[in-house]
Amino acid sequence: MSAKLMNWAGSVTFQAGEVHRPASVGELQDLVARSAKVRALGSAHSFNDIADTPAVLISLAELPSVFEIDSAGRTVRVGASLRYAEVGRRLHEHGFALHNLASLPHISVAGSVATATHGSGDANANLATQVSALEMVTADGDLIELSRERDGETFHGVVVGLGALGIVVTLTLDIVPAFDIEQIVYQGLPFEVLDDHFADISAGAYSMSLFTSWNGPLIDQVWMKRSAGHSGTDDLFGARPADEPLHPVPGVSGETCTEQLGVPGPSYARLPHFRPEFTPSSGVELQTEFFVPRLHGVKALRAVDGIRDRVASVLQISEIRTIAADELWMSTAYGRDSVALHFTWVKDMDAVLPVVALLEEHLSPYDARPHWGKVFTSAPDDLRARYPRLADFYKLVRDHDPGGKFTNDFLARHLFG
(Lines give C-alpha, C1' and ligand atoms only; values in the text may rest on other atoms or scores of the structure.)
Protein backbone atom coordinates (compact mmCIF):
# COMPACT_ATOMS: atom_id res chain seq x y z
CA MET A 1 0.00 0.00 0.00
CA SER A 2 1.42 3.39 -0.96
CA ALA A 3 2.11 6.09 1.59
CA LYS A 4 2.43 9.86 1.31
CA LEU A 5 4.15 12.55 3.34
CA MET A 6 3.93 16.29 2.74
CA ASN A 7 6.86 18.67 2.79
CA TRP A 8 6.88 21.30 5.54
CA ALA A 9 5.12 23.86 3.30
CA GLY A 10 2.35 21.46 2.30
CA SER A 11 3.18 22.12 -1.36
CA VAL A 12 4.86 18.83 -2.38
CA THR A 13 3.96 15.22 -1.58
CA PHE A 14 6.67 12.60 -1.10
CA GLN A 15 5.57 9.29 -2.62
CA ALA A 16 6.57 5.96 -1.06
CA GLY A 17 5.49 2.36 -0.94
CA GLU A 18 5.75 2.46 2.85
CA VAL A 19 7.25 4.74 5.50
CA HIS A 20 9.41 3.54 8.39
CA ARG A 21 10.81 5.45 11.37
CA PRO A 22 13.59 3.34 12.89
CA ALA A 23 14.50 4.22 16.47
CA SER A 24 18.06 2.88 16.37
CA VAL A 25 20.93 2.51 13.95
CA GLY A 26 20.69 -1.27 14.26
CA GLU A 27 17.03 -1.19 13.31
CA LEU A 28 17.92 1.04 10.34
CA GLN A 29 20.65 -1.37 9.21
CA ASP A 30 18.25 -4.33 9.26
CA LEU A 31 15.61 -2.37 7.35
CA VAL A 32 18.05 -1.26 4.64
CA ALA A 33 19.56 -4.74 4.27
CA ARG A 34 16.22 -6.42 3.61
CA SER A 35 14.73 -3.72 1.36
CA ALA A 36 15.00 -3.65 -2.43
CA LYS A 37 14.64 0.12 -2.77
CA VAL A 38 15.21 2.75 -0.08
CA ARG A 39 15.31 6.53 0.26
CA ALA A 40 15.82 8.69 3.35
CA LEU A 41 13.78 11.70 4.44
CA GLY A 42 15.14 14.41 6.72
CA SER A 43 13.11 17.42 7.80
CA ALA A 44 10.97 17.34 4.63
CA HIS A 45 12.13 20.67 3.28
CA SER A 46 12.52 19.63 -0.37
CA PHE A 47 10.31 20.99 -3.13
CA ASN A 48 10.69 18.17 -5.67
CA ASP A 49 10.72 14.36 -5.81
CA ILE A 50 14.31 13.85 -4.62
CA ALA A 51 13.05 11.74 -1.67
CA ASP A 52 10.49 9.66 -3.60
CA THR A 53 10.73 5.88 -3.77
CA PRO A 54 8.45 3.08 -4.99
CA ALA A 55 9.35 1.07 -1.89
CA VAL A 56 10.70 2.10 1.53
CA LEU A 57 10.99 5.72 2.64
CA ILE A 58 12.86 6.05 5.90
CA SER A 59 12.30 9.02 8.17
CA LEU A 60 15.35 9.80 10.29
CA ALA A 61 13.33 11.69 12.90
CA GLU A 62 13.40 8.92 15.53
CA LEU A 63 17.12 8.14 15.35
CA PRO A 64 19.20 8.95 18.46
CA SER A 65 19.98 12.64 18.98
CA VAL A 66 23.75 12.22 19.16
CA PHE A 67 25.61 15.35 20.28
CA GLU A 68 29.27 14.96 21.26
CA ILE A 69 31.68 17.91 21.39
CA ASP A 70 35.43 17.45 21.01
CA SER A 71 36.67 20.76 22.39
CA ALA A 72 40.33 20.04 21.69
CA GLY A 73 39.69 18.92 18.12
CA ARG A 74 37.15 21.70 17.50
CA THR A 75 34.46 19.32 16.21
CA VAL A 76 30.99 18.15 17.16
CA ARG A 77 29.47 14.78 16.24
CA VAL A 78 25.71 15.02 15.71
CA GLY A 79 22.86 12.72 14.81
CA ALA A 80 21.64 13.10 11.24
CA SER A 81 18.14 14.07 12.31
CA LEU A 82 19.21 16.99 14.50
CA ARG A 83 18.19 20.40 13.23
CA TYR A 84 20.52 23.36 13.06
CA ALA A 85 18.49 25.30 15.63
CA GLU A 86 19.28 22.72 18.29
CA VAL A 87 22.88 22.22 17.22
CA GLY A 88 23.54 25.97 17.29
CA ARG A 89 21.94 26.47 20.68
CA ARG A 90 23.76 23.56 22.31
CA LEU A 91 27.10 24.56 20.83
CA HIS A 92 26.66 28.09 22.17
CA GLU A 93 26.08 26.68 25.66
CA HIS A 94 29.58 25.17 25.40
CA GLY A 95 31.21 28.28 23.95
CA PHE A 96 31.24 27.15 20.31
CA ALA A 97 29.44 27.81 17.03
CA LEU A 98 29.21 26.71 13.41
CA HIS A 99 30.92 29.15 11.05
CA ASN A 100 27.69 29.70 9.12
CA LEU A 101 24.04 28.72 9.02
CA ALA A 102 21.25 28.62 6.46
CA SER A 103 18.34 31.07 6.53
CA LEU A 104 16.10 28.39 8.06
CA PRO A 105 17.31 26.80 11.34
CA HIS A 106 14.47 24.26 11.08
CA ILE A 107 16.27 22.02 8.58
CA SER A 108 18.06 18.79 9.46
CA VAL A 109 21.83 18.55 9.29
CA ALA A 110 21.92 15.43 7.09
CA GLY A 111 19.38 16.66 4.56
CA SER A 112 21.03 20.07 4.27
CA VAL A 113 24.47 18.56 3.75
CA ALA A 114 23.26 16.02 1.18
CA THR A 115 21.84 18.79 -1.05
CA ALA A 116 24.59 21.43 -0.55
CA THR A 117 22.29 23.84 1.26
CA HIS A 118 24.01 27.08 2.25
CA GLY A 119 23.93 30.39 4.06
CA SER A 120 25.47 33.61 2.79
CA GLY A 121 28.77 35.48 2.78
CA ASP A 122 31.60 36.01 0.33
CA ALA A 123 33.95 33.99 2.54
CA ASN A 124 31.39 31.41 3.70
CA ALA A 125 31.11 28.10 1.85
CA ASN A 126 28.01 25.92 2.02
CA LEU A 127 27.09 23.93 5.12
CA ALA A 128 28.47 20.65 3.76
CA THR A 129 32.01 22.03 3.92
CA GLN A 130 31.75 21.90 7.72
CA VAL A 131 31.63 18.08 7.60
CA SER A 132 34.89 16.38 8.55
CA ALA A 133 33.53 12.84 8.97
CA LEU A 134 30.30 10.87 8.65
CA GLU A 135 28.82 7.46 9.41
CA MET A 136 26.62 5.87 6.76
CA VAL A 137 24.55 2.72 6.35
CA THR A 138 25.34 1.15 2.98
CA ALA A 139 23.17 -0.98 0.71
CA ASP A 140 24.03 -4.26 2.45
CA GLY A 141 23.26 -2.81 5.88
CA ASP A 142 26.86 -2.22 6.95
CA LEU A 143 27.75 0.87 8.96
CA ILE A 144 30.87 2.58 7.59
CA GLU A 145 32.77 5.72 8.54
CA LEU A 146 34.47 8.11 6.13
CA SER A 147 36.54 11.17 6.97
CA ARG A 148 38.12 14.14 5.28
CA GLU A 149 41.52 13.29 6.74
CA ARG A 150 41.58 9.62 5.82
CA ASP A 151 39.56 9.47 2.59
CA GLY A 152 40.67 12.67 0.86
CA GLU A 153 39.24 13.09 -2.63
CA THR A 154 36.72 10.29 -2.13
CA PHE A 155 35.30 12.21 0.82
CA HIS A 156 34.74 15.21 -1.45
CA GLY A 157 32.48 13.00 -3.52
CA VAL A 158 30.58 11.45 -0.62
CA VAL A 159 29.54 14.49 1.43
CA VAL A 160 27.02 16.00 -1.00
CA GLY A 161 25.74 12.53 -1.81
CA LEU A 162 22.11 13.29 -2.78
CA GLY A 163 21.10 10.14 -0.89
CA ALA A 164 22.64 7.98 -3.62
CA LEU A 165 25.39 6.31 -1.59
CA GLY A 166 23.65 5.30 1.61
CA ILE A 167 21.85 6.68 4.64
CA VAL A 168 23.93 9.01 6.81
CA VAL A 169 23.34 8.55 10.54
CA THR A 170 25.93 10.86 12.13
CA LEU A 171 28.08 13.74 10.94
CA THR A 172 31.14 15.33 12.52
CA LEU A 173 31.21 19.09 11.97
CA ASP A 174 33.99 21.64 12.32
CA ILE A 175 33.24 24.24 15.01
CA VAL A 176 34.66 27.63 15.95
CA PRO A 177 34.59 29.71 19.13
CA ALA A 178 31.20 31.32 19.75
CA PHE A 179 30.78 34.76 18.22
CA ASP A 180 28.13 37.49 18.16
CA ILE A 181 26.39 39.04 15.16
CA GLU A 182 24.22 42.13 14.81
CA GLN A 183 21.59 42.34 12.10
CA ILE A 184 20.51 45.51 10.32
CA VAL A 185 17.91 45.64 7.55
CA TYR A 186 18.03 48.38 4.92
CA GLN A 187 15.22 49.38 2.56
CA GLY A 188 15.11 50.82 -0.93
CA LEU A 189 18.47 50.08 -2.55
CA PRO A 190 18.37 51.26 -6.20
CA PHE A 191 18.81 48.25 -8.47
CA GLU A 192 21.20 50.17 -10.73
CA VAL A 193 23.70 50.37 -7.85
CA LEU A 194 24.40 46.67 -8.36
CA ASP A 195 25.95 47.30 -11.78
CA ASP A 196 29.05 48.90 -10.27
CA HIS A 197 28.86 48.01 -6.58
CA PHE A 198 27.51 44.48 -6.21
CA ALA A 199 30.91 43.20 -5.07
CA ASP A 200 31.22 46.04 -2.54
CA ILE A 201 27.79 45.27 -1.10
CA SER A 202 28.26 41.50 -0.90
CA ALA A 203 31.62 41.99 0.83
CA GLY A 204 30.22 44.55 3.25
CA ALA A 205 29.41 42.20 6.14
CA TYR A 206 29.82 38.65 7.43
CA SER A 207 26.62 37.69 5.64
CA MET A 208 24.46 39.68 3.21
CA SER A 209 21.07 38.95 1.67
CA LEU A 210 19.30 41.12 -0.89
CA PHE A 211 15.54 40.72 -1.27
CA THR A 212 13.49 41.94 -4.22
CA SER A 213 9.95 41.43 -5.50
CA TRP A 214 11.12 42.23 -9.07
CA ASN A 215 8.26 44.72 -9.26
CA GLY A 216 10.46 47.71 -10.00
CA PRO A 217 14.00 49.09 -10.10
CA LEU A 218 14.65 48.48 -6.40
CA ILE A 219 16.14 45.96 -4.05
CA ASP A 220 13.38 46.05 -1.44
CA GLN A 221 15.51 44.98 1.54
CA VAL A 222 19.17 44.31 2.30
CA TRP A 223 19.80 42.11 5.36
CA MET A 224 23.25 42.86 6.72
CA LYS A 225 24.61 40.47 9.35
CA ARG A 226 27.89 41.85 10.67
CA SER A 227 30.24 41.27 13.57
CA ALA A 228 28.88 42.77 16.77
CA GLY A 229 30.40 46.12 17.68
CA HIS A 230 30.97 47.13 14.07
CA SER A 231 32.19 50.73 13.94
CA GLY A 232 31.81 51.51 10.22
CA THR A 233 29.32 53.79 8.51
CA ASP A 234 25.66 52.88 8.19
CA ASP A 235 25.47 54.34 4.69
CA LEU A 236 24.49 51.80 2.01
CA PHE A 237 24.34 53.55 -1.36
CA GLY A 238 21.19 55.45 -0.49
CA ALA A 239 19.27 52.62 1.19
CA ARG A 240 17.87 53.54 4.59
CA PRO A 241 17.94 51.45 7.80
CA ALA A 242 14.53 50.09 8.80
CA ASP A 243 13.06 51.43 12.03
CA GLU A 244 11.06 48.28 12.83
CA PRO A 245 11.56 44.52 12.40
CA LEU A 246 10.76 43.37 8.86
CA HIS A 247 9.94 40.10 7.14
CA PRO A 248 11.28 39.46 3.63
CA VAL A 249 7.82 38.59 2.29
CA PRO A 250 5.59 41.68 1.99
CA GLY A 251 2.70 41.71 4.43
CA VAL A 252 4.13 39.08 6.81
CA SER A 253 4.94 40.07 10.39
CA GLY A 254 8.60 40.55 11.28
CA GLU A 255 7.88 38.84 14.61
CA THR A 256 8.83 35.48 13.07
CA CYS A 257 12.31 36.72 12.07
CA THR A 258 15.54 36.79 14.03
CA GLU A 259 16.20 40.00 15.94
CA GLN A 260 17.13 43.05 13.88
CA LEU A 261 17.77 46.78 14.53
CA GLY A 262 21.44 46.14 15.34
CA VAL A 263 20.81 44.26 18.58
CA PRO A 264 23.81 41.92 19.04
CA GLY A 265 23.30 38.27 19.82
CA PRO A 266 24.86 34.82 19.37
CA SER A 267 25.48 33.84 15.77
CA TYR A 268 23.02 30.93 15.90
CA ALA A 269 20.24 33.43 16.67
CA ARG A 270 21.20 36.01 14.00
CA LEU A 271 22.64 34.22 10.95
CA PRO A 272 19.33 32.46 10.16
CA HIS A 273 16.55 34.76 8.96
CA PHE A 274 13.78 33.02 10.89
CA ARG A 275 13.19 31.97 14.49
CA PRO A 276 12.90 28.19 14.98
CA GLU A 277 9.69 28.44 17.01
CA PHE A 278 7.76 29.84 14.03
CA THR A 279 6.82 28.44 10.61
CA PRO A 280 9.69 29.48 8.34
CA SER A 281 9.45 31.86 5.40
CA SER A 282 5.82 32.43 4.36
CA GLY A 283 4.88 28.81 5.03
CA VAL A 284 2.73 28.42 1.90
CA GLU A 285 5.09 28.29 -1.06
CA LEU A 286 7.29 26.64 -3.64
CA GLN A 287 10.99 27.42 -3.99
CA THR A 288 13.59 27.56 -6.76
CA GLU A 289 17.25 28.54 -6.62
CA PHE A 290 19.98 28.91 -9.23
CA PHE A 291 23.72 29.31 -8.70
CA VAL A 292 25.91 31.19 -11.18
CA PRO A 293 29.63 32.01 -11.03
CA ARG A 294 30.14 35.21 -9.07
CA LEU A 295 31.91 36.84 -11.98
CA HIS A 296 28.62 36.56 -13.93
CA GLY A 297 26.42 37.61 -11.01
CA VAL A 298 25.42 41.08 -12.21
CA LYS A 299 24.77 39.85 -15.76
CA ALA A 300 22.55 37.10 -14.36
CA LEU A 301 20.61 39.63 -12.29
CA ARG A 302 20.13 41.80 -15.36
CA ALA A 303 18.87 38.73 -17.23
CA VAL A 304 16.21 38.19 -14.59
CA ASP A 305 15.37 41.89 -14.61
CA GLY A 306 14.62 41.55 -18.31
CA ILE A 307 11.71 39.19 -17.52
CA ARG A 308 10.73 40.78 -14.23
CA ASP A 309 7.02 41.00 -15.10
CA ARG A 310 6.76 37.25 -15.65
CA VAL A 311 8.76 36.50 -12.52
CA ALA A 312 6.80 38.91 -10.32
CA SER A 313 3.46 37.49 -11.45
CA VAL A 314 3.97 34.27 -9.42
CA LEU A 315 6.54 35.45 -6.89
CA GLN A 316 6.36 36.09 -3.16
CA ILE A 317 9.99 37.24 -2.80
CA SER A 318 13.43 36.66 -4.30
CA GLU A 319 16.73 36.52 -2.39
CA ILE A 320 20.24 37.14 -3.73
CA ARG A 321 23.27 35.78 -1.82
CA THR A 322 26.93 34.89 -2.33
CA ILE A 323 28.64 31.60 -1.44
CA ALA A 324 32.34 30.74 -1.46
CA ALA A 325 33.65 27.98 -3.74
CA ASP A 326 34.21 24.44 -2.45
CA GLU A 327 35.70 21.10 -3.53
CA LEU A 328 32.64 18.89 -3.04
CA TRP A 329 31.92 17.18 -6.34
CA MET A 330 28.13 17.56 -6.45
CA SER A 331 27.93 20.90 -4.69
CA THR A 332 26.24 23.75 -6.54
CA ALA A 333 29.28 25.87 -5.65
CA TYR A 334 31.86 23.29 -6.74
CA GLY A 335 34.95 25.01 -8.07
CA ARG A 336 33.54 28.52 -8.23
CA ASP A 337 32.57 31.42 -6.00
CA SER A 338 28.87 31.75 -6.62
CA VAL A 339 25.86 34.02 -6.55
CA ALA A 340 22.60 32.32 -5.58
CA LEU A 341 19.31 33.61 -6.99
CA HIS A 342 16.50 32.26 -4.85
CA PHE A 343 12.78 32.50 -5.64
CA THR A 344 9.94 31.90 -3.20
CA TRP A 345 6.90 31.30 -5.38
CA VAL A 346 3.17 31.16 -4.76
CA LYS A 347 1.83 27.67 -4.09
CA ASP A 348 0.72 26.92 -7.66
CA MET A 349 2.97 24.48 -9.51
CA ASP A 350 1.16 24.82 -12.84
CA ALA A 351 1.66 28.59 -12.85
CA VAL A 352 5.22 28.45 -11.53
CA LEU A 353 6.78 25.84 -13.83
CA PRO A 354 6.60 27.91 -17.05
CA VAL A 355 8.29 30.82 -15.28
CA VAL A 356 11.01 28.54 -13.93
CA ALA A 357 11.63 27.27 -17.46
CA LEU A 358 11.84 30.86 -18.71
CA LEU A 359 14.33 31.71 -15.95
CA GLU A 360 16.47 28.73 -16.89
CA GLU A 361 16.49 29.85 -20.51
CA HIS A 362 17.68 33.35 -19.57
CA LEU A 363 20.27 32.08 -17.06
CA SER A 364 21.62 29.34 -19.31
CA PRO A 365 24.46 31.51 -20.72
CA TYR A 366 25.79 31.83 -17.16
CA ASP A 367 26.08 28.09 -16.46
CA ALA A 368 23.36 28.13 -13.80
CA ARG A 369 23.15 25.13 -11.48
CA PRO A 370 19.78 24.51 -9.77
CA HIS A 371 19.47 23.67 -6.08
CA TRP A 372 19.06 19.90 -5.81
CA GLY A 373 16.09 20.10 -3.46
CA LYS A 374 14.00 22.75 -5.21
CA VAL A 375 11.86 23.23 -8.30
CA PHE A 376 13.72 23.16 -11.63
CA THR A 377 13.15 21.94 -15.19
CA SER A 378 16.73 21.79 -16.51
CA ALA A 379 17.36 19.30 -19.32
CA PRO A 380 19.37 16.35 -17.94
CA ASP A 381 22.19 16.73 -20.48
CA ASP A 382 22.59 20.41 -19.58
CA LEU A 383 22.56 19.65 -15.87
CA ARG A 384 25.14 16.86 -16.15
CA ALA A 385 27.48 19.08 -18.17
CA ARG A 386 27.69 21.52 -15.25
CA TYR A 387 29.34 19.00 -12.90
CA PRO A 388 32.96 18.25 -13.93
CA ARG A 389 33.30 15.37 -11.43
CA LEU A 390 30.06 13.63 -12.36
CA ALA A 391 31.84 10.59 -13.83
CA ASP A 392 33.77 10.21 -10.58
CA PHE A 393 30.51 10.45 -8.64
CA TYR A 394 29.01 7.71 -10.84
CA LYS A 395 31.90 5.46 -9.88
CA LEU A 396 31.38 6.16 -6.16
CA VAL A 397 27.72 5.27 -6.48
CA ARG A 398 28.52 2.01 -8.29
CA ASP A 399 31.11 1.13 -5.65
CA HIS A 400 28.82 1.80 -2.67
CA ASP A 401 25.49 0.76 -4.18
CA PRO A 402 26.08 -1.52 -7.19
CA GLY A 403 22.46 -2.64 -7.25
CA GLY A 404 21.00 0.87 -7.26
CA LYS A 405 19.10 0.40 -3.99
CA PHE A 406 19.23 4.14 -3.20
CA THR A 407 18.66 5.37 -6.76
CA ASN A 408 15.17 6.69 -7.47
CA ASP A 409 13.42 8.28 -10.45
CA PHE A 410 14.82 11.73 -9.58
CA LEU A 411 18.43 10.55 -9.71
CA ALA A 412 17.85 8.34 -12.75
CA ARG A 413 16.15 11.16 -14.63
CA HIS A 414 18.63 13.93 -13.86
CA LEU A 415 21.98 12.18 -13.39
CA PHE A 416 22.07 8.47 -14.13
CA GLY A 417 19.91 8.23 -17.26
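Remarks
- From the options 262, 297, 306, residue that is touching a residue at least 40 places away in the same chain (Cβ under 8 Å), small (Gly, Ala, Ser) and more than 14 Å from residue 366 (Cβ to Cβ): 262
- Only one of the numbered conditions (1) loosely packed, with under 14 Cβ neighbours inside 10 Å; (2) of a type in the set (Asp, Glu); (3) closer than 30 Å to residue 57 by Cα is not met by residue 149, and that is (3).
- Residue in segment 57-67 that is among the polar types (S, T, N, Q), under 15 Å from the mean Cα position of the chain (by Cα) and either at pLDDT 95 or above or not assigned by TED's automatic domain parsing to the domain that holds residue 166 (or both) present: no
- One residue from 24, 112, 35 being without any contact (Cβ under 8 Å) to a residue 60 or more places away in the chain and under 30 Å from residue 412 (Cα atoms): 24
- The number of residues in segment 248-265 that are under 11 Å from residue 182 (Cβ atoms) and of a type outside the set (S, T, N, Q) comes to 6.
The values are calculated or read from the model by the stated rules, or taken from the named source; none is laboratory data. Because the structure is predicted, anything quoted here is derived from the model rather than measured. A quick note on method: Cβ atoms are made from the backbone with ideal geometry, for glycine too, and the neighbour counts reach across all protein chains shown.
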